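Asks: Okay, handing you the structure first.
The values are calculated or read from the model by the stated rules, or taken from the named source; none is laboratory data. Remember, it's a predicted structure, so these values are computed and weren't measured experimentally. Quick reminder, even Gly has a Cβ in these numbers, built from the backbone with ideal geometry, and neighbours come from all protein chains shown.
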Amino acid sequence: MDWRDHGILLSSRRHGETAAIIEVFTEGHGRHAGVVRGGTSRKIAPILQPGAQLDVLWRARLEEHIGSFQVEPLRSRAAAAFSGRLALAGLNTVVALLSFCLPEREPHPTIYRQTEQLLDLLGQDEVWPLAYLRWELALLDELGFGLDLSVCAVTGARERLIYVSPKSGRAVTAAGAGDWADRMLPLPPCLRGEGPAPDNEIAQAFATTGHFLENHLARGLGHKPLPEARARFIETFTRRI
Amino acid sequence: MSSTRDIDNLIELMAKLPGLGPRSARRAVLHLIRKRALLLTPLADQISVVAETARECLNCGNVGTADICDICESEKRATGELCVVEDVADLWAMERAGVFKGRYHVLGGTLSALDGVGPDDLRIPRLRDRVASEGITEVILALNATVDGQTTAHYIAEQLDGQVRLTSLAQGVPIGGELDYLDDGTITAALRARKEL
């Protein structure tokens, strides 16, 4: 059996002397692994860099086999990623999080398209952190841990929402939080897609999404620790504030 | 069958070497046996010598037969330049070029989020010590132009920021390379690093 699709390369590992096992996030087949014969050769190895956009043809005798990929490069994002620390840290975070949390062979076309758009912005450091924040929200949403930031979970108010409940992921007003305010997570306007989104607000928003990634998403995956790449990205980003 | 057991064992071991499979290992062993005096005996002697003496340089991580390698021992190499490479094979490649006259530091790998390789798994703490104690004026980051290689380069640059001059190898069109055959990433990097003629 076989199929052909476009995909984003998440990782590549040496397999034996000449082959590589790659993991690709495809639109129609989700996160999918396969062997690339000659994947460590001088011709193919430079193509197999994380973030690369590939045209892949997967073949296997049975569906449950790992199978082999034939790859054609569509777009390399390495040059954009190498342009600066933030871009490189961002690329590492995106591929590490996708490898970490996406189930194998389950299509997620929405998050695929958003990932493609996000990676195409690599190197544009002024807009990338905010785009990445939106992507993290979309990832949480896609995997069943979406935040509801439209209305206060306690009072039903739609304005002056300044907190997020760490348990329910719903927005809360100052009045609604009451004595529990010190246990709430910050809800900066940029998290709701409002305002000019200065860097310090984005950093606050990362603390909130980070809580849900770590305590809800990762917990659902058997308490695996979040990839260190995310912490390194946040550290690189906060250094510029 | 038992009369060839030792030879079979040798073929099996040779087949584990990079670039050799069972068939090529058989050919190599047969060749060695035929050239016993010329090749087999000296090779066996040399392998046992190297097995006894080979070790990593305590200073830079290069492979040699002494605790401190020849490059680290040589006063002529104390130019103040330190070239950081990922692996011993990269150090040997730089030495083959014969252009660099300073000293090296072998990291022993690259940072990798997916494989769980962190700074403490590499010789990064030792690099910091060397920069502080050996009068280093420039650190050249000669790491591979891969995502992991460049991530490691940026990490080291952050660690040594302000202490020493930091440079990295240029990226672009290889000697003898034809633009038509280059990937778009290399062409982009080459264009960004263009120079006046």
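Asks: Could you please let me know if A:LEU185 is under 20 Å from the mean Cα position of the chain (by Cα) and either over 23 Å from A:ASP125 (Cα atoms) or not assigned by TED's automatic domain parsing to the domain that holds A:LEU139 (or both)? So that I can check it myself, show each step before the final result.
Replies: Details: under 20 Å from the mean Cα position of the chain (by Cα): no; either over 23 Å from A:ASP125 (Cα atoms) or not assigned by TED's automatic domain parsing to the domain that holds A:LEU139 (or both): yes.
Considered against the rule, which asks whether it is under 20 Å from the mean Cα position of the chain (by Cα) and either over 23 Å from A:ASP125 (Cα atoms) or not assigned by TED's automatic domain parsing to the domain that holds A:LEU139 (or both), A:LEU185 comes out as no.
Asks: Hey, could you check segment B:1-34 for residues that are assigned to a loop (DSSP other than H, G, I, E, B) and surrounded by 14 or more Cβ atoms within 10 Å (Cβ to Cβ) and say which is farthest from the chain's Cα centre (by Cα)?
Replies: So the first thing to find is which residues in segment B:1-34 are assigned to a loop (DSSP other than H, G, I, E, B), and the list is B:1, B:15-21.
Applying the additional criterion that residues be surrounded by 14 or more Cβ atoms within 10 Å (Cβ to Cβ) yields B:15, B:20.
Details: B:ALA15: 23, B:LEU20: 21 Å.
Per the criteria, the residue is B:ALA15.
Asks: Any residue that is within 14 Å of another protein chain (Cβ to nearest Cβ) and surrounded by fewer than 16 Cβ atoms within 10 Å (Cβ to Cβ) - is there at least one of those in segment A:138-159? Even if it seems obvious, please write down each step before you answer.
Replies: First pass over segment A:138-159, keeping only residues within 14 Å of another protein chain (Cβ to nearest Cβ): none.
Checked segment A:138-159: no residue is within 14 Å of another protein chain (Cβ to nearest Cβ) and surrounded by fewer than 16 Cβ atoms within 10 Å (Cβ to Cβ).
Asks: Does any residue of segment B:59-69 turn out to be assigned to a loop (DSSP other than H, G, I, E, B) and in the same structural domain as B:GLN159 (by TED's automatic domain parsing)? I'd like the intermediate steps shown before the answer.
Replies: Of all residues in segment B:59-69, those assigned to a loop (DSSP other than H, G, I, E, B) come to B:59-62, B:65-69.
Within this subset, residues satisfying the condition of being in the same structural domain as B:GLN159 (by TED's automatic domain parsing) are none.
Scanning segment B:59-69 turns up no residue that is assigned to a loop (DSSP other than H, G, I, E, B) and in the same structural domain as B:GLN159 (by TED's automatic domain parsing).
Asks: Restricting attention to segment B:107-161, which residues are in contact (Cβ under 8 Å) with a residue 24 or more places away in the chain, in a helix (DSSP H, G or I) and of a type in the set (Val, Ile, Thr)?
Replies: B:ILE124, B:VAL131, B:THR151, B:THR152, B:ILE156
Asks: For B:VAL173, all conditions in the list (1) in contact with a helix residue (DSSP H, G or I) (Cβ under 7 Å, 6 or more places away or on another chain); (2) β-branched (Val, Ile, Thr); (3) assigned to a helix (DSSP H, G or I) hold save one; what is the number of the exception?
Replies: If we test B:VAL173 against (1) in contact with a helix residue (DSSP H, G or I) (Cβ under 7 Å, 6 or more places away or on another chain); (2) β-branched (Val, Ile, Thr); (3) assigned to a helix (DSSP H, G or I), just (3) comes out false.
Asks: Still on this structure: So B:HIS154 ticks every box in (1) closer than 27 Å to A:GLY51 by Cα; (2) surrounded by fewer than 17 Cβ atoms within 10 Å (Cβ to Cβ) but one. Which box is left unticked?
Replies: With (1) closer than 27 Å to A:GLY51 by Cα; (2) surrounded by fewer than 17 Cβ atoms within 10 Å (Cβ to Cβ) applied to B:HIS154, the lone miss is (2).
Asks: Would you say B:THR188 is part of a helix (DSSP H, G or I) and at the interface with chain A (Cβ under 9 Å from one of its Cβ atoms)? Break it down into steps so the answer makes sense when it comes.
Replies: Working: part of a helix (DSSP H, G or I): yes; at the interface with chain A (Cβ under 9 Å from one of its Cβ atoms): yes.
In short, yes.
Asks: Look through segment A:76-117, keep the residues that are within 17 Å of A:GLY7 (Cβ to Cβ) and in a loop (DSSP other than H, G, I, E, B), and return whichever of them is nearest to the chain's Cα centre (by Cα).
Replies: Out of the qualifying residues, it is A:LEU102.
Quick grid of which residues meet (1) surrounded by fewer than 21 Cβ atoms within 10 Å (Cβ to Cβ); (2) closer than 30 Å to A:PHE233 by Cβ:
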{"residue": "B:VAL50", "(1), (2)": "yes, no"}
{"residue": "B:GLU73", "(1), (2)": "yes, no"}
{"residue": "B:ALA78", "(1), (2)": "yes, no"}
{"residue": "B:ALA89", "(1), (2)": "yes, no"}
{"residue": "B:ARG103", "(1), (2)": "no, no"}
{"residue": "B:VAL106", "(1), (2)": "no, yes"}
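Asks: A follow-up question, please. Where residues in segment A:2-23 are away from chain B (no Cβ under 14 Å) and touching a Leu at 6+ places or on another chain (Cβ under 8 Å), which of them is surrounded by the fewest Cβ atoms within 10 Å (Cβ to Cβ)?
Replies: A:ASP2
Asks: Hey, can you tell me all the residues within segment B:174-185 that are surrounded by 12 or more Cβ atoms within 10 Å (Cβ to Cβ) and more than 10 Å from chain A (Cβ to nearest Cβ)? Break it down stepwise before answering.
Replies: First pass over segment B:174-185, keeping only residues surrounded by 12 or more Cβ atoms within 10 Å (Cβ to Cβ): B:177, B:182-185.
B:GLY177, the sole residue that qualifies.
Asks: If you go through segment B:151-173 one residue at a time, do you hit one that is within 14 Å of another protein chain (Cβ to nearest Cβ), closer than 18 Å to A:ALA45 by Cα and more than 19 Å from the chain's Cα centre (by Cα)?
Replies: Yes, some residue in segment B:151-173 is within 14 Å of another protein chain (Cβ to nearest Cβ), closer than 18 Å to A:ALA45 by Cα and more than 19 Å from the chain's Cα centre (by Cα).
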